[in-house]
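To start, the structure itself, in structure tokens.
We did not get these values from a lab; they are worked out from the coordinates using the rules stated. In this text, all values refer to a predicted model and were calculated from it rather than measured experimentally. Cβ coordinates were reconstructed from backbone atoms using ideal geometry, including for glycine residues, and neighbour counts include every protein chain displayed.
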Amino acid sequence: MVLEAAKLREIRGYANGNPFTLSAKASSGLPVTFEIVAGPATVSDSTVTITGAGGVTVKALQKGNDIYNAAEAVQIFTIDLFTGLNDSMDAVIISPNPATNTLFIQAPSSFKSISLKDMLGRDAITKDITRGETTIDVGNLPRGLYIVRLKASDQSTVTRKIILR
């Protein structure tokens, strides 16, 4: 038997509760199914619908056969809902959390910058956001708890906590 690892492609988000499609590929070529392990979401085949704010855990599962063992991949992401900044897209997505090397931020286009601060309030990273999304390399930062602050063009902010491990 050969143990295969299912690879769950990074979840890139949703807009205002609109469904989005998951994608995963097992190196064995066997089919991959999805399930919501925890959190405010549902999945039908590969289509996820977010039903509220909070942490969501998604599992991709390859059942295995006579040649390949079963394999699974799990991804956790956080959905933070807010109103008043952009009626067409009321979501900020920061994933994965906890993060190890890369942090993906998706936010309404009204957000223009992001900063990460350590728990002593020191700036770790400051970056402009373009097109409502950005990827941040956090692999060189010390492990621990960080504050992510997104700033909109009208100077309003959204603040979240993330863990780097």
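Here are some pairs, LYS112/LYS161; LYS127/LYS161; LYS117/LYS151; LYS25/LYS151; which of them have Cα atoms lying more than 25 Å apart in this structure? Over 25 Å Cα-Cα: LYS25/LYS151.
As a rough footprinting exposure proxy, the listed residues SER28, SER44, SER113 were ranked by other beta carbons within 10 Å of their own, and the order from fewest upward is SER44, SER113, SER28. May I ask for the net charge around PHE34, where only other residues with Cβ less than 9 Å from the Cβ of PHE34 are counted and Lys, Arg are +1 while Asp, Glu are -1? Within the 9 Å Cβ shell, the charges total -1.
Taking 0.36 nm per residue of separation and subtracting the Cα-Cα distance, full extension of the segment from LEU120 to THR157 would add 11.4 nm. Label-to-label distance, LYS25 versus ILE147, with points set 7 angstrom from Cα along the beta-carbon direction: 4.2 nm. Using a Förster radius of 25 Å, what is the FRET efficiency between ASN69 and ASP137 based on their Cβ-Cβ separation? Nearest 0.05, please. Taking R0 as 25 Å, the efficiency between ASN69 and ASP137 is 0.15.
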